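**Student:** This is the structure I want to talk about, given as structure tokens.
The values are calculated or read from the model by the stated rules, or taken from the named source; none is laboratory data. The structure presented is a predicted model; accordingly, all values stated were derived computationally and were not measured. Quick reminder, even Gly has a Cβ in these numbers, built from the backbone with ideal geometry, and neighbours come from all protein chains shown. Remember, those area values only see protein heavy atoms, side chains included, never the ligands or the DNA or RNA. Shrake-Rupley method; radii C 1.70, N 1.55, O 1.52, S 1.80 Å.
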Amino acid sequence: MHSDVLNATIPETQDSKISLCDEIKSRAKRAIGTRNFPEAIALYTKAIDVMNNENDQDAYQSILYANRSMCEQNMGNSAKALDDASRAISYDMNYAKAYYRKAVALM
């Protein structure tokens, strides 16, 4: 499932990267809706890989890490959730949800 996006090569242009990531995020949200957190983690991980080294997309990367943090927390992986929440904060120190994810992971 999702092999079309999970195995996709990373596009060259920024617009293509964002388009692919938007599709991946949409699928991840559907996976979360069915509580399929391993699938959502795989999708968010691919999106993070696609956006890697895109310095001007810090807020986008922050969202991806915060969302993956929530999935990890729901699977009982507090250490991974904390790491992702901390990374989300490092990309966008104004993203309140990242701080919430960190607090949940610390509890």
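**Student:** Find the accessible area per residue for the chain; the probe is 1.4 Å, ligands and nucleic acids are left out, and the unit is Å². Mind dumping the intermediate values first?
**Tutor:** Working: 5880 Å² over 107 residues.
Ligands and nucleic acids excluded, the figure is 55 Å² per residue.
**Student:** Next up: Give the aspartates and glutamates whose C-alpha is closer than 13 Å to that of residue 29, dropping any in the same chain fewer than 8 places away, or say none.
**Tutor:** List returned: 39.
**Student:** Further question on the same structure: Using a cut-off of 12 Å between alpha-carbon atoms, which aspartates and glutamates can reach residue 80, once sequence neighbours fewer than 8 places away in the same chain are excluded?
**Tutor:** Result set, ordered by chain and number: 72.
**Student:** Please give every one of the lysines within straight-line cross-link reach of residue 17, meaning a C-alpha to C-alpha distance under 17 Å, and leave out same-chain neighbours fewer than 8 residues apart.
**Tutor:** Output for residue 17: 25, 46.
**Student:** Share of segment 1-76's accessible area from carbon and sulfur, percent, 1.4 Å? Before the final figure, lay out the partial values.
**Tutor:** Numbers: 1780 of 3840 Å².
Carbon-and-sulfur percentage of accessible area, whole number: 46.
**Student:** Beyond 21 Å, how much of the Cα-Cα pair distribution for the chain remains, as a whole percent?
**Tutor:** When all Cα pairs of the chain are counted, 31 percent exceed 21 Å.
**Student:** Moving on. Select from segment 1-69 those trypsin sites (Lys or Arg not before Pro) which occupy a DSSP coil region and have at most 16 other Cβ atoms within 10 Å, ordered by residue number.
**Tutor:** Hits after loop and neighbour filter: 35.
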